[in-house]
1. Using amide H atoms built 1.01 Å from N in the peptide plane, name the residues 5+ places from Val514, or on other chains, whose amide H lies under 5 Å from its own.
2. Considering amide H positions built from the backbone, and no H for Pro or chain starts, which residues 5 or more places from Thr36, or on another chain, come under 5 Å of its amide H?
3. Amide H neighbours of Thr491 under 5 Å, at least 5 residues apart or on other chains, H built in the peptide plane: list them.
4. Run the quick spin-label model on Asp118 and Gln371: label points 7 Å from Cα toward the beta carbon, then report their separation in nm to one decimal.
5. From a point 7 Å beyond the Cα of Asp422 in the direction of its Cβ, which residues of the stretch 510-526 have a backbone N at a distance under 19 Å?
6. Return a whole-number percent for the relative contact order of the chain, with Cα pairs under 8 Å and 6 or more residues apart as the contact set.
7. Going toward the positive end of the dipole of the stretch 350-460, with +1 on Lys and Arg Cβ and -1 on Asp and Glu Cβ, which of Ala355, Ala377, His443 do you reach last?
8. How high is the FRET efficiency between Val519 and Leu57 when r is their beta carbon distance and R₀ equals 30 Å, given to the nearest 0.05?
Amino acid sequence: MTTTAPVSAPALSAWLRKAFGLAVIAFTWWRFSENTADNDLWGHVLYGQRMLHLGGLETTETLSWTATGLPWINHEVLAEIALGLAHRLAGGAGLWSLMMILAAATLGWAWHSGAGPDRTRRLTALALLALCTNFIALGYAVRPQLFTYLFFVALLVSLRHFFAGRLIWGCAPPVLLAVWVNTHGGFLAGWVITLVALTSETFAGHFPTLLRCVRCEPMRSGPGHAALVALGCTGVLLLNPWGWRLVTWTFETVLLPRPYISEWQPMPFNAGSLPFYFTIVLGVLAWGVSRQPRRLWEIIVWALLAVIAIRSQRHAPLFGLASLLFLPAHLPELLLRLSPHTASLRNLVRRPAVAICAVLVLLGASGRCIQASMTRARPFGMEVPRMLFPVSAIAYMKAHQLTGNTITFFDWGQMVLWELPDNPVSFDGRLDTVYPTRVMDAHWRLYAGQDPGPSLDLARARVALLPSNGGGVHWLRGQGWKIVCEDNLATVLVPSIAHDAPTLGGVAATAGSVPFPDVTPMLATRAARISGHP
């Protein structure tokens, strides 16, 4: 009679590690493969394709009727060219693929740099990735921020090498910022972090007692080298089509109020944000107890990013990526300190039956994450949910040829430019890159149901597309405008009743989704004529 030998403890541990790694990867894939179109996606692709068509930049506004002829500071030139090219080559699937490639490169680089070769650190880094995935994914959609996250990781890695004495890495931050300043406004965060890191390390170098008190290593590169890097990083910010105007504008735009943009609001304290706040607590404890080599600049930068992420959800992905890079070296020692208090839990997991159940649960979770990502209507392309975007209302405007100057909700303005090329918009997601403060304030007032004032000349408008539950619809009706189409999401109004009677779309008008269009937008090919080029 033969008997089956029990699975050895090392074999079970190996299976548990593999199942855990698979579960983390599957969870990360599910969260980062989200394919809902961003509000500004239509615009980013359109502007990129216009630049490709023209073979150059547009620096004057031509697409709206409230800011025509004003300067347009497009701070996302290289990113929009990349998005326009990806769409031209492969439509919505090309945009989704570009997002996934950039996400994989960013996360993989941050995880690998933080984990190192040690197995314990690698497992710790995997657990940290699972913890940070949700709030890093807040910033992941097809938009120029994708490039900022990749450049941010490259910046932190290059600074780490530079401070370790590899002086050649001091060339990397200026080169990065020279590209970054032409790609996305996130260059400002990169520049500030670079100066903070260089200043803190240089300052600490003059006070070795301070370094001993905080148990940090001294900088191996000299203060003169740090000064050269700082000067280089500052000087290259001029290497953009607008020079210092772009830099000063970026400073100014950070201070602007954005009452209708959730990602610029503070991080709430609720169940969804608990992983974010838990990461802060974990990091504070890890930095406090660690006896591993520590760098003062890493502690200061990590703390700074935590503060600005609390103040604005938009910066949470930067904090998460920095945590992936900085914390894995210090978390194992924290876990070691906690080991006497977790002995019973670790003994429980070592039991074969419990370990096997854990493996099965992790494999099941992995399968569920993959299934969830594949059951989307278009798992490898971009989707436009009807509950978020006025698909039915725009179709009505097309069918009834409602053209001319259009009062728009800013989140939908760039979709209007793509779908309705004969409808110049009053406002869109470009915000202060194009629109003066008076025009933006007029729209904020209109959306709140207040008189927008003379900065939004209603006499010039021919049609309005606004949220059905917003105050703007009620205010325009009070001024004699008539509803010609309305559903749960969007309302179309005109200043006279020369069009069809109201069409109430009901729930069906906002159910499901449509694919992001693969065809080239008409305004991309009409760019030369509109811009006055031959």
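The values are calculated or read from the model by the stated rules, or taken from the named source; none is laboratory data. In this text the structure is predicted, and so the values were computed from the model without any measurement. Methodologically, a virtual Cβ is constructed for each residue, glycine included, from the backbone with ideal geometry; neighbour enumeration extends over all protein chains shown. To get the accessible areas, we keep the full protein, side chains included, count just its heavy atoms, and leave off ligands, DNA and RNA. Shrake-Rupley method; radii C 1.70, N 1.55, O 1.52, S 1.80 Å.
1. Val384, Arg386
2. Those lying under 5 Å, H to H, from Thr36 are Glu383.
3. Under 5 Å from the amide H of Thr491 lie the amide H atoms of Leu466, Ser468, each far enough along the sequence or on another chain.
4. According to this spin-label approximation, the distance is 3.9 nm.
5. 521-526, by backbone N distance to the label point.
6. Values: 821 pairs, mean separation 113.8, N = 534.
It comes to 21 percent, rounded to a whole number.
7. Ala355
8. Details: r = 24 Å, r/R0 = 0.81.
Result of the calculation: an efficiency of 0.80.
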